[in-house]
1. Is it the case, given these coordinates, that G359 is over 26 Å from F203 (Cα atoms), free of Cβ contacts under 8 Å to residues at least 24 places away in the same chain and part of a loop (DSSP other than H, G, I, E, B)?
2. May I ask you to say which residue of L310, L328 is outside any helix (DSSP H, G or I), crowded, with 17+ Cβ neighbours inside 10 Å and touching a His at 6+ places or on another chain (Cβ under 6 Å)?
3. Return yes or no: is L40 in a helix (DSSP H, G or I) and surrounded by 14 or more Cβ atoms within 10 Å (Cβ to Cβ)?
4. Taking only the range 9-28 into account, find how many residues are at pLDDT 85 or above and polar (S, T, N, Q).
5. In this structure, is I216 over 27 Å from G285 (Cα atoms) and assigned by TED's automatic domain parsing to the domain that holds R246?
6. Whether any residue in the range 46-69 is over 27 Å from G165 (Cβ atoms), surrounded by fewer than 11 Cβ atoms within 10 Å (Cβ to Cβ) and modelled with pLDDT of 95 or more is what I want to check.
7. Taking only pairs six or more apart or across chains, which ones have beta-carbon atoms under 8 Å, a first residue in the range 11-23 that is closer than 30 Å to N190 by Cα, and a second residue that is β-branched (V, I, T)?
8. Restricting the range 266-307 to residues that are among the charged types (D, E, K, R) and assigned to a loop (DSSP other than H, G, I, E, B), which is farthest from L387 (Cα to Cα)?
Amino acid sequence: MRSLTDNYTQKIIPLEFDQSYGYPVCFTHDVFSIDNPILLNVMGKTNRGEAKKTVVFVDQGVVSETPRLLKEIVLWFEHHQDYFCLACDPVVFPGGESVKNSWDHVHRATRVMDDSELDRHGMVVAVGGGALLDMVGFAAAIFHRGIQLIRIPTTTLAQNDAGIGVKNGINQYGRKNCLGTFYLPTAVINDAGFLKTLPFDHFIGGVAEAFKIALIRDGSFFSFLENNSALLKQRDQTAIEESIERCAQLHLDHISHSGDAFETGSSRPLDYGHWSAHKIEMLSGFTMGHGQAVSIGIALDSFYAWQCCLISRIELDRIITAMMNCGLPVWSHYLEIKDSGGRLEIENGLEEFRQHLGGRLTFTMPHGIGHTCERHEMDFDIVREGLIFLKKIPGVKQT
């Protein structure tokens with residue numbers, strides 16, 4: 001019997017090519033100081049005889065806390081006008097998750113790029129928290145199919161995680177990061193000076209991501225966070241800078257050596273505690289910061305890991321105590337919200353987490369502090385027990 005394909009001439013031309021990707025992540029202070037060469041170097045100073053057009057987008061929260069910032073940016077470009085042309089005054093966008101909740105901001109950003117007549121050799125500089133960087137990164141990725149992007153993260157969370165990787169996006173259809181791209185920046189510059197101006201919640205929220213990656217990748221880093229939890233809560237500059245640099249290094253090691261930097265598989269190996277955190281953020285209307293939601297998610301998943309004999313009770317207590325000592329939450333009433341059918345909303349969040357990548361449900365768990373394993377099924381009876389356990393912890397804040 002002939003197969004259907006016998007009726008057709010088949011010709012397949014295989015295509016394979018190799019492409020190296022890379023970008024520097026720099027650590028500095030006073031990035032827009034005339035005497036600081038970091039920004040000049042990463043923007044690629046050339047002597048082509050034509051200044052490279054640049055547009056700068058800035059987070060409103062950063063402007064509010066650093067009133068001279070816009071003037072400093074303008075003065076920096078005036079000083080380097082032989083190499084870079086500021087195509088328009090720095091453009092200010094709202095800070096926080098609201099900037100990711102509407103297409104209007106993406107449209108406005110791409111309109112500014114178009115009005116400034118940026119071509120594919122033009123450059124965008126984004127200065128702000130992770131949400132602003134996500135939105136601008138998405139806009140830069142789709143304008144002319146991608147133009148050069150320099151990120152200058154200004155929050156703890158953005159400097160150690162959100163602002164240093166290859167992902168960007170916006171929230172749509174009731175889902176976090178539903179639309180977006182994988183797009184590499186030209187460079188990332190972490191300026192520790194911006195951290196001094198942050199409200200406490202924004203300052204400490206990023207430490208949750210440090211706990212996350214320490215628990216599944218580096219036991220010695222967890223010990224550092226545990227031993228320095230009081231200093232981190234006190235905003236000790238030395239402690240926070242070391243935690244950011246170590247956290248960033250672990251994230252970058254994963255991106256460069258995991259073999260799946262663009263997440264083509266069905267696992268998210270760095271998203272420990274995130275399946276519930278994303279849902280908590282949505283349920284709060286994004287009034288709860290990502291870091292705080294991740295901290296709660298880590299606490300819940302750590303209870304689950306204990307119940308599955310992946311960590312000991314002593315290790316669970318160490319995790320909960322260290323995060324609380326930093327000023328991070330481990331419980332929220334959003335965990336108890338139910339849908340119209342009486343189902344916990346965070347249980348719906350687990351399926352949404354799976355759908356975000358597709359394929360088989362895969363979530364990361366610690367296997368002893370500093371080591372990792374993957375699970376593919378979740379027992380929600382254990383999760384419900386975890387909600388009761390966390391709520392009853394002495395001293396827990398009823399957020």
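1. So G359 fails the test.
2. Step by step, each of L310, L328 is checked, and only L310 is outside any helix (DSSP H, G or I), crowded, with 17+ Cβ neighbours inside 10 Å and touching a His at 6+ places or on another chain (Cβ under 6 Å).
3. yes
4. 1
5. yes
6. Yes, the range 46-69 has at least one match.
7. Pairs found: Y23/T186; Y23/V188.
8. Among residues in the range 266-307 that are among the charged types (D, E, K, R) and assigned to a loop (DSSP other than H, G, I, E, B), the one farthest from L387 (Cα to Cα) is R268.
The values are calculated or read from the model by the stated rules, or taken from the named source; none is laboratory data. This structure is a prediction, so every number in the text was calculated from the model and none was measured. Don't worry about glycine lacking a Cβ; one is built from the backbone with ideal geometry, like all the others, and counts go over all protein chains shown.
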